[in-house]
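Presented below is the structure to which this report refers.
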Amino acid sequence: MGRRHQREPAQVRANLTPMIDVVFLLIIFFLLVAQISRTRRVELDLPEIREAQAGEASRDQQVIINVVPLSQSLGAGDSYRVGLRSFGRDGASLERLTTELRRSLERQPETSLLLRADRTESYERVHPAIKAARAAGFEQVELVTRPEEAS
Amino acid sequence: MSAPAPRDDRVIEHDPRRRAHAQRAALPVLNLNLTPMIDVVFLLMIYFLLITQFQPREEAQAYELPKEGDRAEPTDPFELPVQPVRIAVESFGDGGQAYRVTSDLSLLAGATSARALGEALRAELDATMGDDQRFVIEPAREARWEHTLAVFNAVRGAGYPSIRLAPPGEGALRIGDTP
């Protein structure tokens, strides 16, 4: 057995399996990082509009204001969420919300603003967010809806 | 525990089928190593699970915010020729599921739902109103966002892009008012 091994040249064979394993793990790693860094969305039952004059929500650079439903709200200071930050409904909190929006608009002037609110939300709770967007200098706010399901 | 019965080689020799089996077993066995394949398959599965979008698709309606200082006052006497049409939205009933639309425009008196409003407005386009006609939607404080958006969409769908959402409770227009 030993003599035979000496006579034949050593065969170089690359075992591809561990390499593929590692490459896939890297892909998953980057996908997860991208998923986590994406702006968090609040679970909402969005309004479903018949014959909507709506387009696909712009995806590239966006700031999302979520109007937190009372059932999911963590307290009085958690009525609106932008990313991971919460804002209440009182004047000072809305001022902070305006400042936050203005700052993201200054950082990236192409930013589009999305407003997500539950379909059962009262207008009284949605409107301060629109007001803050206007005060922050946004020209347009995208009101997020759910496309009508084909029935 | 009883010891296993000793193998009787003589029996194998006499049975041709068992003899063939014994010869095959003596050859080097080709077996596929499944473990790396399962590894890769699981990785692929995780990969596809991750890239799948489980969230329902979302659409957006663009709402042009009125400029600061450009307050379209519905009661401004100097803007009589282009006085905006005011549309009130109110939700009522059990849990606010029903809603009613009222307008100060007598042409729209019969339209009480977003759909009827849209149809009525579409009929009036280029007849009594141009597409530059301004609209002010005045939802009540408790008006559902869903209903507000339905009215907003109906007006825009009828071909009038100039719409403003008034602050809640600003409108003096109420159900029962004569238009």
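The values are calculated or read from the model by the stated rules, or taken from the named source; none is laboratory data. Computed from a prediction, not measured in an experiment: that's the story for all the values here. FYI the Cβ positions are ideal-geometry reconstructions off the backbone, even for glycines, and counts take in every protein chain you see.
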- [ ] Identify all residues within the stretch A:80-92 that are surrounded by 13 or more Cβ atoms within 10 Å (Cβ to Cβ) and within 22 Å of the chain's Cα centre (by Cα); write none if there are none.
- [x] A:Tyr80, A:Arg81, A:Val82, A:Gly83, A:Ser86, A:Phe87, A:Gly88
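Residue-by-condition table, conditions (1) under 21 Å from B:Pro167 (Cβ atoms); (2) outside any loop (DSSP other than H, G, I, E, B):
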residue: A:Val63; (1), (2): no, yes
residue: A:Asn66; (1), (2): yes, yes
residue: A:Leu74; (1), (2): no, no
residue: A:Gly77; (1), (2): no, no
residue: A:Leu94; (1), (2): yes, yes
residue: A:Leu97; (1), (2): yes, yes
residue: A:Arg103; (1), (2): no, yes
residue: A:Glu110; (1), (2): no, no
TODO: Output the number of the condition that A:Phe30 fails; it satisfies all remaining conditions of (1) at pLDDT 75 or above; (2) within 11 Å of chain B (Cβ to nearest Cβ); (3) assigned to a loop (DSSP other than H, G, I, E, B).
DONE: (3)
TODO: Determine the pairs where a residue that is more than 7 Å from every other protein chain (Cβ to nearest Cβ), located within the stretch A:135-148, has a partner that is of a type in the set (Gly, Ala, Ser) with Cβ atoms under 9 Å apart, the partner being 6 or more residues away or on another chain.
DONE: A:Ala136/A:Ser104; A:Glu148/A:Ala52
Open item on the list: Yes or no: the stretch A:89-112 includes at least one residue that is under 16 Å from A:Val42 (Cα atoms) and not aromatic (Phe, Trp, Tyr).
Closed with: no
Task: Odd one out for B:Arg122, checked against (1) crowded, with 18+ Cβ neighbours inside 10 Å; (2) within 12 Å of another protein chain (Cβ to nearest Cβ); (3) under 15 Å from B:Gly159 (Cβ atoms) - done: (1)
Open item on the list: Residue under question is A:Ala92, and the condition is that it be of a type in the set (A, V, I, L, M) and in contact (Cβ under 8 Å) with a residue 12 or more places away in the chain; does it hold?
Closed with: no
Task: Condition met for A:Glu121 (farther than 17 Å from B:Leu65 by Cβ, at the interface with chain B (Cβ under 7 Å from one of its Cβ atoms) and surrounded by 19 or more Cβ atoms within 10 Å (Cβ to Cβ)) - done: yes
